[in-house]
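Here the structure is laid out as structure tokens; the discussion comes afterwards.
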Amino acid sequence: MTVEHTLPAGQRTRAEEAPTEPAAVRRPSLRRRILKEKWTYLFLLPGVLYFVVFHYVPLLGNVVAFQDFSPFRGIFGSDWVGLENFRTIVRDPEVMRALTNTLIIAFLQIVFAFPAPIILALFLNSLVSDRVKRSIQTIVYLPHFISWVVVVSIWQKILGGAGLVSEILERVGVEGVNIMANPDTFKILVTSQVIWKDVGWGTIIFFAAIVAIPSELYESAATDGASSWRRMWHITLPGMMPVISMLLILNVGTALTVGFEQMLLQQPAVGADAAQVLDTFVYFRGIAGGDWGVATAAGLIKGVIATILVLSANKIAKKLGGEGVI
Amino acid sequence: MTSTDVREVDGTTAGAPAARTRRRRDAARPVWQEPPSTALKAVKVVFIAVVCVVMLYPFVYVIGMSFAAPESVTSGQLFPTRFSTGAYQAILGGGIISRALLNSLFITVVGTFLSTLFTALLAYGLTRTRFAPGARGVLLMVLLTMLFGAGLIPNYLLVKNLGLLDSYWALILPVLISPFNMVVMRAFFMGLPGELLEAARIDGASELRIFATIVLPLSKAVIAVIALFYAVGYWNVFFNALIYINDTDKWPIQVVLNQFVVQNSDIANVTNPDMPPPPAVSVQNAVIVLATVPILCVYPFLQKYFTKGVLTGSIKG
């Protein structure tokens, strides 16, 4: 760009010249760089405004957790109560129940719903025909795009009190079976619903990982006499490990968020004892119940624990030699 | 060996040349891969059948029952034998459901347009992180929001303080840009041929002009898939509508579906009072179908794009 540089380089082509440029040329001043990119800032402006207003400003709203908040007096007019709301939470048996339910459901989901797409992806990979693979994928992806309201409605029509299964059971003499309203099996039910809705969708990323494994590995393993099970165990699964560990980290981070809409929709049918989780507790206590401070405090604790969880899972994954997310 | 549609199990032996020439167009088994045993094939066929039935039958049943004639709904059969469109006529004459569908349509169209537009603007701006001072900070700011959220109550208080309660904007503005969609779009923009954009810049085209006349036309695939994802999200909006919209006339279809089907409120309210009431079961199933049909309509397009690897490609990158 500078005269000293371009004159001797006059004979050279642009492509040769480009790589040496940054070293030879003084960087233009910050002001000039900003002015030169003024259009870029115009592109960024609406997005920045959105993220500041709808993602960062509400973070400040968490101060409500330390207040005896009333919507009429607002954040600036409400009394500060220190850690009182947190004390209330620790003493409240309902919080304990919500926490227990959350942890049980999170555990079931990590043990059953997390591996389900891995197994399905391995199965699809074992099929030779692309056409069969693609047809199955088309079918299993579908429920991911259906809202939870529709999913719960459909499940009610099949498994609910007046649903298909209960009517068939009635015909063989078993009366009053309503799987959708049974608190004892509710946690298994919600895990099954999660698997039904998202098992197919989950395979996409695992399948991409499988496809990226070079086929020569399989070929030489097969030549050395490795059976298809051993190839799966020693080639496919290790090849998927970075993706599996990454998704496991993300799942652990969101473990305390167990299907909020799913729980909210089904709580009236099975009762709060079985279906109260942390998020629904926050909703019922705060927005529905008007106990804003306590609800916000519960949400804040949840958010902090989730952040700690995802950061430590990330660290563990790195220690074990895998790739972290962050 | 019985012949089935399933290629995997059609009994060909991979090693035999005759068998290999019989496979056309479809993928062939690699030479080194041994064919599965008969038992394993049987297990696979059963597994495929079970997966397909479990995934598809609920939809088939609900659609079937929504068209069931009154005398055909109470017998607990796997599929009704006599059909009628009475439930749909009664619902669409009733007003509540058609208004909810129109509300959802409005939210979906406006929301999808705005979300796609602002996601594209931000994503294009963030392709300039190497040149514009501070842009990297903006990228970090966006990515960080994928790790934590402010929480339910602070978000609610914000929407309330902005005066958006009972407004459709409450369903659009708080979810305007999805960081994930932005990352997908940015990855696609980064992959566009840089020489082309550079040439336009040297010719004196403004960034806005480059964006509108070069970037957008070259990115139709990713814009289509992101728009479809936003559209599905807006059509399916439930919880935000439940807490932000109190005016029942403004309810989108998912909230109405929850009210009348999941929570089993008086379903007779949604049908036309001047018509003979169809069985409640048919009406409920028909409402489920109406809330799902738009998704089923766009699904083939979604499917087409994500098999092209638009999404997985950028996730890996």
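The values are calculated or read from the model by the stated rules, or taken from the named source; none is laboratory data. Please read these numbers as outputs of a predicted model, since none were measured by experiment. Glycine also receives a Cβ, built like all others from the backbone with ideal geometry; neighbour counts cover every protein chain displayed. Ligands, DNA and RNA are stripped out before the accessible areas are found, and what is left, the full protein with its side chains, is counted by its heavy atoms. Shrake-Rupley method; radii C 1.70, N 1.55, O 1.52, S 1.80 Å.
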All but one of (1) surrounded by 17 or more Cβ atoms within 10 Å (Cβ to Cβ); (2) under 23 Å from the mean Cα position of the chain (by Cα); (3) more than 30 Å from residue B:79 (Cβ to Cβ); (4) within 14 Å of chain A (Cβ to nearest Cβ) hold for residue B:216; which doesn't?
(1)
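Of all residues in region B:174-190, which are in contact with a Leu (Cβ under 7 Å, 6 or more places away or on another chain) and open to solvent by 30 Å² or more (accessible area, probe 1.4 Å)? Reasoning before the result, please.
In the first step, residues of region B:174-190 are kept if they are in contact with a Leu (Cβ under 7 Å, 6 or more places away or on another chain); the result is B:176-177, B:179, B:182, B:184, B:186.
Passing the criteria: only B:186.
For region A:143-153, what are the residues that are open to solvent by less than 20 Å² (accessible area, probe 1.4 Å) and either in a loop (DSSP other than H, G, I, E, B) or not polar (S, T, N, Q) (or both)? Walk me through how you get there before you give the answer.
Step one: filter region A:143-153 for residues open to solvent by less than 20 Å² (accessible area, probe 1.4 Å), giving A:143, A:145-147, A:149-153.
If the condition is that a residue be open to solvent by less than 20 Å² (accessible area, probe 1.4 Å) and either in a loop (DSSP other than H, G, I, E, B) or not polar (S, T, N, Q) (or both), then A:143, A:145, A:146, A:147, A:149, A:150, A:151, A:152 are the ones that fit.
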Search region B:160-172 for residues being within 23 Å of the chain's Cα centre (by Cα) and in contact (Cβ under 8 Å) with a residue 12 or more places away in the chain, and hand back the single one that is most open to solvent (accessible area, probe 1.4 Å).
B:168
Name the residues in region B:243-260 that are outside any loop (DSSP other than H, G, I, E, B) and either without any contact (Cβ under 8 Å) to a residue 12 or more places away in the chain or open to solvent by 50 Å² or more (accessible area, probe 1.4 Å) (or both), would you?
B:248, B:249, B:250, B:259
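Determine if region A:210-218 includes at least one residue that is more than 19 Å from residue A:126 (Cα to Cα), open to solvent by 30 Å² or more (accessible area, probe 1.4 Å) and either out of contact with any strand residue (DSSP E or B) (no Cβ under 9 Å at 6 or more places or on another chain) or assigned by TED's automatic domain parsing to the domain that holds residue A:186 (or both). Talk me through it step by step, then tell me what you get.
First, pick out the residues of region A:210-218 that are more than 19 Å from residue A:126 (Cα to Cα): none.
Looking for residues that are more than 19 Å from residue A:126 (Cα to Cα), open to solvent by 30 Å² or more (accessible area, probe 1.4 Å) and either out of contact with any strand residue (DSSP E or B) (no Cβ under 9 Å at 6 or more places or on another chain) or assigned by TED's automatic domain parsing to the domain that holds residue A:186 (or both), one finds none in region A:210-218, hence no.
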Matching residues, region A:228-241, being of a type in the set (Ser, Thr, Tyr) and open to solvent by 50 Å² or more (accessible area, probe 1.4 Å):
A:228
By residue number, the members of region B:257-292 that are within 7 Å of chain A (Cβ to nearest Cβ) and under 22 Å from the mean Cα position of the chain (by Cα) are B:257, B:258, B:261, B:262, B:285, B:288, B:291, B:292
In region B:83-159, which helices (runs of 4 or more DSSP H) lie fully inside it and hold 3 or more residues that are more than 9 Å from chain A (Cβ to nearest Cβ) and open to solvent by less than 50 Å² (accessible area, probe 1.4 Å)?
B:86-94, B:96-125
What do you reckon, is residue A:238 assigned to a helix (DSSP H, G or I), within 11 Å of chain B (Cβ to nearest Cβ), out of contact with any Phe, Trp or Tyr (no Cβ under 9 Å at 6 or more places or on another chain) and not basic (Lys, Arg)?
no
Looking only at region A:29-77, how many residues end up being touching a residue at least 40 places away in the same chain (Cβ under 8 Å) and crowded, with 18+ Cβ neighbours inside 10 Å?
7
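Within region A:183-212, restricting attention to residues that are among the hydrophobic types (A, V, I, L, M, F, W, C) and more than 13 Å from every other protein chain (Cβ to nearest Cβ), which residue is farthest from the chain's Cα centre (by Cα)?
The selected residue is A:186.
Among the candidates B:180, B:211, B:189, which residue alone is facing another protein chain (nearest Cβ under 9 Å), modelled with pLDDT of 90 or more and not in a loop (DSSP other than H, G, I, E, B)? Even if it seems obvious, please write down each step before you answer.
Numbers: B:180 fails: facing another protein chain (nearest Cβ under 9 Å); B:189 fails: facing another protein chain (nearest Cβ under 9 Å).
Of B:180, B:211, B:189, the one residue that is facing another protein chain (nearest Cβ under 9 Å), modelled with pLDDT of 90 or more and not in a loop (DSSP other than H, G, I, E, B) is B:211.
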Residues located in region A:119-131, provided they are open to solvent by 20 Å² or more (accessible area, probe 1.4 Å) and not polar (S, T, N, Q):
A:119, A:122, A:123, A:130, A:131
Within region A:78-95, of all residues that are crowded, with 19+ Cβ neighbours inside 10 Å and of a type in the set (Val, Ile, Thr), the one farthest from residue A:277 (Cα to Cα) is A:89
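Tell me which residues, restricted to region A:28-37, are part of a helix (DSSP H, G or I) and either facing another protein chain (nearest Cβ under 8 Å) or within 16 Å of residue B:127 (Cβ to Cβ) (or both). Walk me through how you get there before you give the answer.
Residues of region A:28-37 part of a helix (DSSP H, G or I): A:30-36.
Residues satisfying the conditions are A:30, A:33, A:34, A:36.
Are any residues in region A:158-206 of a type outside the set (D, E, K, R) and not in a helix (DSSP H, G or I), and if so, which ones? Explain how you work it out, then say what you get.
Restricting attention to region A:158-206, the residues satisfying the condition of being of a type outside the set (D, E, K, R) are A:158-166, A:168-169, A:172-174, A:176-183, A:185-186, A:188-196, A:199-206.
Across region A:158-206, the qualifying residues are A:160, A:161, A:162, A:163, A:172, A:173, A:174, A:176, A:177, A:178, A:182.
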